[in-house]
1. Among [x] 78; [y] 68; [z] 60, which one is percent of Cα pairs over 15 Å apart computed from these coordinates?
2. Between V34 and A48, what is the label-to-label distance in nm when each label sits 7 Å out along the Cα-to-Cβ direction?
Amino acid sequence: REKLLSRDFSPGGKSRFHLKDLGIALAAARESGVPLPVTTVVNQMFGALVAGGRGDDDHSALLALLDGWARPMGVGKE
């Protein structure tokens, strides 16, 4: 909680490793014919995080990604 509140995204679980692991899980699910719609969305989110240069940040950096998506819509502005 404190890391999120202070926006400390120093590595604990690097986002690029989460992206890799999600890819493996999705490939296995695909081979088994099991749909994982929420996992697919989370995979896309980690993909955006890594593509944005934050692959070495902790997985909690997803907060920054969501925050960035919300701001153009006026969320979080005073």
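Read-outs throughout are calculated quantities, based only on the coordinates presented, and are distinct from any laboratory measurement. This is a predicted model, so every value here is computed, not measured. A quick note on method: Cβ atoms are made from the backbone with ideal geometry, for glycine too, and the neighbour counts reach across all protein chains shown.
1. Read-out from the structure maps to [z].
2. 2.6 nm
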